[in-house]
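*Asks:* Just dropping this structure here.
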Amino acid sequence: MKRIIPLLISIIVTVALNAQTTKFFQFEQIHFSNISNCENGLNSEEQCVSYKVSVASDYFPNASSFNLAQPNIFDRPKQGSFIPCRVNYYYTEEDSIVRLISYTRDTKNSTTNFKDLMEPIHNQSEKLDKYNSEFDQLVNDLRKELGEPVEGTGEMNIKREPGYSDWYERKYVWKKEETTVELFMLWSENGGNLSTYKIRTKVYWN
């Protein structure tokens, strides 16, 4: 009996850890050393980029307060969604604590050559419908985890900036204790696959 109890405890802990690693979103703040565990459970592929990835304060409100290292970047398998997801983990150099995680869904993540990128999309409205459907599903998933959002209506709002094409945005924000979750979709139709269709979820801690 004494041998069985430790075995049962080990099984329970293993199951709990596996459940954590297969969650799509990470709402609890983690250490750099836990990133691989989160992504390995989802069969993600780590990406190495040669360029410097920086974060502006309008993207991450606490950017100026932290010395962020080059993020760990992973591409996740589609898992039923037509949009591939890229995950960036931003952590502070001095203590390796993750401060921001971004989940970006963009069909360009799966484009492998310039010919595919330039191939025109004849039915842009159909593509937008698919992105809107994906966005709505994410809203439902986040509501189940976090309750009702504290900001945003989810309506498509037009944005205008001098020197840029008009673009549209849908957005929601959740806040739970020290955690902030932003979900937004950007759409700018410039023609063909050069149009911008992007869904991004940001999770960061105060």
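*Asks:* Considering only residues that are over 15 Å from E182 (Cβ atoms), surrounded by 12 or more Cβ atoms within 10 Å (Cβ to Cβ) and of a type in the set (D, E, K, R), which ones fall in segment 123-158?
*Replies:* If the condition is that a residue be over 15 Å from E182 (Cβ atoms), surrounded by 12 or more Cβ atoms within 10 Å (Cβ to Cβ) and of a type in the set (D, E, K, R), then K127, K130, E134, D136 are the ones that fit.
Residue by residue, here is whether (1) more than 11 Å from F32 (Cβ to Cβ); (2) at pLDDT 95 or above; (3) in a loop (DSSP other than H, G, I, E, B) holds:
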site: V55; (1), (2), (3): yes, no, yes
site: P61; (1), (2), (3): yes, no, yes
site: S64; (1), (2), (3): yes, no, no
site: I73; (1), (2), (3): yes, yes, no
site: F82; (1), (2), (3): yes, no, yes
site: V87; (1), (2), (3): yes, yes, no
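*Asks:* Moving on. Can you tell me which residues in segment 53-84 are within 21 Å of D95 (Cβ to Cβ), without any contact (Cβ under 8 Å) to a residue 60 or more places away in the chain and not hydrophobic (A, V, I, L, M, F, W, C)?
*Replies:* S54, S57, S64, S65, N67, Q70, P71, N72
*Asks:* Let me ask another. If I filter segment 119-178 down to residues being over 19 Å from the mean Cα position of the chain (by Cα) and of a type in the set (S, T, N, Q), which single residue comes out as modelled with the lowest pLDDT?
*Replies:* Per the stated criteria, the residue is N123.
*Asks:* I've got another one for you. Just one of S102, S44 is modelled with pLDDT under 95, surrounded by 15 or more Cβ atoms within 10 Å (Cβ to Cβ), among the hydroxyl-bearing types (S, T, Y) and within 17 Å of the chain's Cα centre (by Cα); which is it?
*Replies:* Checking each option against the conditions leaves just S44.
The values are calculated or read from the model by the stated rules, or taken from the named source; none is laboratory data. The model shown is predicted, which means the values in this text are computed figures rather than measured ones. Cβ: placed from backbone, ideal geometry, glycine included. Neighbour counts: every protein chain shown.
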